[in-house]
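Okay, structure first, notes after.
Here, each number is a calculation from the coordinates, and none is a lab measurement. Because the structure is predicted, anything quoted here is derived from the model rather than measured. FYI the Cβ positions are ideal-geometry reconstructions off the backbone, even for glycines, and counts take in every protein chain you see.
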Amino acid sequence: GIQVEQSPPDLILQEGANSTLRCNFSDSVNNLQWFHQNPWGQLINLFYIPSGTKQNGRLSATTVATERYSLLYISSSQTTDSGVYFCGTDSWGKLQFGAGTQVVVTP
Amino acid sequence: GAVVSQHPSWVICKSGTSVKIECRSLDFQATTMFWYRQFPKQSLMLMATSNEGSKATYEQGVEKDKFLINHASLTLSTLTVTSAHPEDSSFYICSARDSTPSYNSPLHFGNGTRLTVT
């Protein structure tokens, strides 16, 4: 199956800082999604982005499918951005997740 | 938007009993649903693919007799953890995508079920 690697594994940010999370994948994909998992375990779907660039408020994402990576940008981070960020990819319907990036935003 | 409802959100059961978890797509039909398991501080691991009207397909290392999956309709899949043991304690989460289109659409996730086996 597809291998998904996320970096960095941990990230500590001061409120207001910007950051970039990376997701590398081992094969061509039909689907790539970014999620934020809150402390209650709920997966919040941030972006469905198999290719191209999208923006939603302070978050944006870019996927370069030909080079097999995706980036999630967090700008002007807030304490509510804390949590684990996962990317998931698939080629034939079964989404495989990376190990996640644990983000802590300090006041 | 597409909503996946999962019930219960948490359950505590005694060792040796069985627990059923329901996953419903509320506003779309799903011929396929996926079940994941997540241990603390770890990522989500795909357990099985639930197929409406046919047998589920399980990932390597997942016991199909332990984790019974039934997908009886286009909006409901159930996962039954049989003869649960403490090592089955975990966070179980289901997902589905609208059947049309198929692969090129996002997966929607339920809110998960936290199972604790005592």
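Couplings for the range B:40-47, taken from phi via the Karplus curve 6.51 cos²θ - 1.76 cosθ + 1.60 with θ = phi - 60°, read x, 6, 10, 7, 7, 10, 5, 9 Hz in order; Gly and Pro are left as x.
Think of each Lys and Arg Cβ as +1 and each Asp and Glu Cβ as -1; about the Cα centre, that makes the dipole of chain B roughly 200 debye. Since only B:Asn51, B:Ala84, B:Ala30 are under comparison, the one whose Cα sits farthest along the positive direction of the charge dipole of chain B, derived from C-beta charges on Lys, Arg, Asp and Glu, is B:Ala84. Can you give the net charge of the other residues whose Cβ lies under 10 Å from the Cβ of B:Gln29, counting K and R as +1 and D and E as -1? Net charge around B:Gln29: -3. In plain terms, the chain from A:Ser26 to A:Asn56 could stretch by 8.1 nm, reckoned as 0.36 nm per residue minus the Cα-Cα distance. The phi torsions of the range A:41-54, fed into the Karplus equation with coefficients 6.51, -1.76 and 1.60 and a -60° offset, translate into couplings of x, 5, 8, 9, 6, 8, 9, 9, 8, x, 6, x, 10, 9 Hz, rounded to whole numbers, with Gly and Pro shown as x. Put a dot 7 Å past the Cα of B:Lys14, heading toward its Cβ, do the same for B:Phe39, and the two dots end up 2.7 nm apart.
Return the loop-located trypsin sites (Lys or Arg not before Pro) in the range A:19-107 (DSSP other than H, G, I, E, B) with at most 14 other Cβ atoms within 10 Å of their own Cβ; answer none if there are none. List each step's numbers first, then the result.
Numbers: sites: A:Arg22, A:Lys54, A:Arg58, A:Arg68, A:Lys94; in loops: A:Arg58, A:Arg68, A:Lys94.
Passing both the DSSP loop test and the Cβ count: A:Arg58.
Less than 5 angstrom separates the built amide H of A:Asn30 from those of A:Asp90, A:Ser91, all sequence-distant by 5 or more or on a different chain. As a ratio to 2.2 N^0.38 Å, the alpha-carbon radius of gyration computed for the range B:18-86 takes the value 1.10.
With contacts taken as Cα pairs under 8 Å at a separation of at least 6 residues, chain A carries a relative contact order of 38 percent. 3J(HN,Hα) along the range A:12-25: 10, 10, 8, 3, x, 7, 9, 8, 10, 10, 10, 9, 9, 9 Hz, from the Karplus curve 6.51 cos²θ - 1.76 cosθ + 1.60 with θ = phi - 60°, whole Hz, x for Gly and Pro.
For the range A:51-81 versus the range B:38-62, the spacing of their alpha-carbon centroids is 28 Å.
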